[in-house]
Amino acid sequence: MITFTNIGPRAVHIRVEGKTAPGDMDRIFADTDALIARMPHLDVLAEVTGPVEFGLGVIAEELRHGPAMLRLIKALERVALVADQGWMRGIAKVESWLLPGIDYRTFTRAELAAARAFVLRTD
């Protein structure tokens with residue numbers, strides 16, 4: 001499940017937990033488009049709270065939403081990924097290299113307060 005919570009005038013906390021099914025992607029991208037309409041410059045605190053399960057159907061569904069994904073990438077300025085899984089932080093580091101215009105950092109769950117400060121620009 002993926003939930004969105006506004007935490008500042010240009011910041012959103014996205015919480016990822018449990019299983020994400022292909023049908024969830026339409027709602028997630030609709031929420032993302034509405035978010036970008038309100039916040040054209042966006043900072044994201046992405047928190048993974050436990051084991052996450054994405055099936056191949058979710059990946060295919062995400063690819064179907066390519067234009068929305070591009071709009072999101074263009075809006076992003078800061079991203080803090082909070083996850084205890086080392087492999088997930090490793091993937092995020094590769095993503096940050098692929099998205100050079102975004103200040104993208106990784107944190108463990110113990111560093112959640114620092115990640116929030118980074119996203120809210122109070123660090």
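Could you check how much of the accessible area of the chain is carbon and sulfur, as a whole percent, using a 1.4 Å probe? Intermediate results must be reported in sequence, preceding the final value.
On the way: 4240 of 6870 Å².
Ligands and nucleic acids excluded, carbon and sulfur reach 62 percent.
The simple spin-label model puts a point 7 Å past each Cα toward its Cβ; for GLN85 and LYS19 those points are separated by 1.5 nm. Mean separation of Cα pairs under 8 Å and 6 or more residues apart, divided by the residue count, gives the chain a relative contact order of 25 percent.
Sorting check: for 40-49, 103-112, which peptide has the highest mean count of neighbouring beta carbons within 10 Å, and how do the rest follow? Before the final figure, lay out each step's value.
Numbers: 40-49: 19.3, 103-112: 16.5.
So the order, starting with the most tightly packed, is 40-49, 103-112.
Whole number please: convex hull volume per residue, Cα atoms of the chain, in Å³.
On the way: hull volume 12.0 nm³, N = 123.
Convex hull of Cα atoms, per residue: 97 Å³.
A 1.4 Å probe run over the chain, with the rest of the protein chains in place, finds 56 Å² accessible per residue.
Report, to one decimal in Å, the Kirkwood hydrodynamic radius for segment 65-109 based on all distinct Cα pairs.
11.1
Within the listed set LEU98, LEU81, LEU72, the Gaussian network model of the chain (springs between alpha-carbon atoms below 10 Å) gives the highest mean-square fluctuation for LEU98. A simple count of charges around ARG116, restricted to other residues whose Cβ falls under 11 Å of its Cβ and scoring Lys, Arg +1 and Asp, Glu -1, yields -3.
The values are calculated or read from the model by the stated rules, or taken from the named source; none is laboratory data. These numbers come from a predicted model, not from an experiment. Neighbour counts are summed over all protein chains in view; Cβ atoms, including those assigned to glycine, are modelled from backbone coordinates with ideal geometry. Ligands, DNA and RNA are stripped out before the accessible areas are found, and what is left, the full protein with its side chains, is counted by its heavy atoms. Shrake-Rupley method; radii C 1.70, N 1.55, O 1.52, S 1.80 Å.
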